[in-house]
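Enquirer: Here you go, one structure.
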Amino acid sequence: MEGVNCPVFKKSSLIRVPLRLGDDAFLTGKISQKKVEKLIKILLAFKNLMDINEVISFRACATSAFRDASNSSEIVNAILAETGIEVEVVDGKREAEIICTNQLLERLDSDTHYLYVDIGGGSTELVHFRKGKLKKSISFNIGTIRMLNNLIKSEDFDKVKEWIKSLKISGKNISIIGSGENINKILKISGKRDKEILTLSELAEIDKFMNYYTVEERVKVLRLNPDSADVIVHASDLFLKIMRWVGAKQIIVPTIGISDGIVHELYLEYLKQRKDLMLPG
């Protein structure tokens, strides 16, 4: 947010632990005990960091892997018992709502149709914006880990294509807004550090460039993390598909995502609580 009386959101640090719960959930239908134990240790570590930094509010959200896992309810209960942290399992619609709270909406051109595309390991969220308002949203069980494990059929892509067609925005002024770790890494590989925009042809060239290397070479040459090196080409492929289906010539990469939306929501809740406390009883 900009302005004299508006807050500024700044990331003091970004800590990521590549647990990849989807490797279990999407293949076996449940999350293994080994990964549950690791997850609890990770959450305890984050809780300690929050205590040290005197964090006043937080939210723990789980998405696609938890939605698919048959034992997600037991895991949520175990986490609460071991850490005191209550995990919210959010569905695709809720993810779209969180995205809508982002500061991003305030920067959009009112004359342009925007399709927000968030590609995760297990699902892809699509949100159509126009004039700063959400018009339509949907979640598909298509993600990079599912694609890596050959769990996606051609009919699944056809459903995405049909939904995009239902928007009836083909031929109009359209831009894709890309979200997720993979598109951020793709932007970094492009070398366009001072810009947030990739054209369709630029993304196609980067996709071709990355596919030239093996997974091991992507780690060594492109300096990708091992947990990104095997899925990033699936993300670029899906972004290219969506851009072509919708007729977009460029993708905007603002390097924000669902976590930023969560922070924005927490701040709005904080303001409401302060306002309620100040009201006369």
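Enquirer: Can you confirm whether residue 229 is over 26 Å from residue 64 (Cα atoms) and among the small types (Gly, Ala, Ser)?
Expert: no
Enquirer: List every residue pair whose Cβ atoms sit under 7 Å apart, with the two residues 6 or more apart in sequence or on different chains, where the first one lies in the stretch 63-90 and is within 19 Å of residue 138 (Cβ to Cβ) and the second, anywhere, is assigned to a helix (DSSP H, G or I) and among the charged types (D, E, K, R).
Expert: Sorted first by the residue in the stretch 63-90, then by its partner, the pairs are 63/95; 89/67.
Enquirer: Could you list, in sequence order, the residues of the stretch 145-164 that are within 13 Å of residue 234 (Cα to Cα) and in a loop (DSSP other than H, G, I, E, B)?
Expert: 149, 150, 151, 152
Enquirer: Just to verify a result, which residue in the stretch 64-97, among those that are of a type in the set (A, V, I, L, M, F, W, C), assigned to a helix (DSSP H, G or I) and within 16 Å of the chain's Cα centre (by Cα), is surrounded by the most Cβ atoms within 10 Å (Cβ to Cβ)?
Expert: Of all residues in the stretch 64-97, those of a type in the set (A, V, I, L, M, F, W, C) come to 65-66, 69, 75-76, 78-81, 85, 87, 89-90, 96.
From the residues that got through so far, the ones that are assigned to a helix (DSSP H, G or I) too are 65-66, 75-76, 78-81, 96.
So of that shortlist, the ones also within 16 Å of the chain's Cα centre (by Cα) come out as 65-66, 96.
Working: 65: 25, 66: 22, 96: 23.
Applying the filter and picking the extreme gives 65.
Enquirer: Residue under question is residue 185, and the condition is that it be touching a Leu at 6+ places or on another chain (Cβ under 8 Å) and more than 18 Å from residue 122 (Cβ to Cβ); does it hold? It would help to see each step written out before you state the result.
Expert: Values: touching a Leu at 6+ places or on another chain (Cβ under 8 Å): yes; more than 18 Å from residue 122 (Cβ to Cβ): yes.
It is true that residue 185 is touching a Leu at 6+ places or on another chain (Cβ under 8 Å) and more than 18 Å from residue 122 (Cβ to Cβ).
Enquirer: Another one. Against the condition of a type in the set (Asp, Glu) and closer than 20 Å to residue 114 by Cα, how does residue 205 come out, does it pass? Walk me through how you get there before you give the answer.
Expert: Numbers: of a type in the set (Asp, Glu): yes; closer than 20 Å to residue 114 by Cα: no.
Taking the combined requirement at face value, the residue does not satisfy it.
Enquirer: Ok, one more. Only helices (runs of 4 or more DSSP H) wholly contained in the stretch 199-260 count here; list those with 1 or more residues that are of a type outside the set (S, T, N, Q), at pLDDT 95 or above and under 22 Å from residue 163 (Cα atoms). Full working, then the answer.
Expert: Working: elements: 200-211, 215-220, 226-229, 232-246.
The qualifying helices (runs of 4 or more DSSP H) are 200-211, 232-246.
The values are calculated or read from the model by the stated rules, or taken from the named source; none is laboratory data. Predicted model only: the values in this text are computed from it and were never measured. Cβ atoms come from the backbone with ideal geometry, glycine included; neighbour counts cover every protein chain shown.
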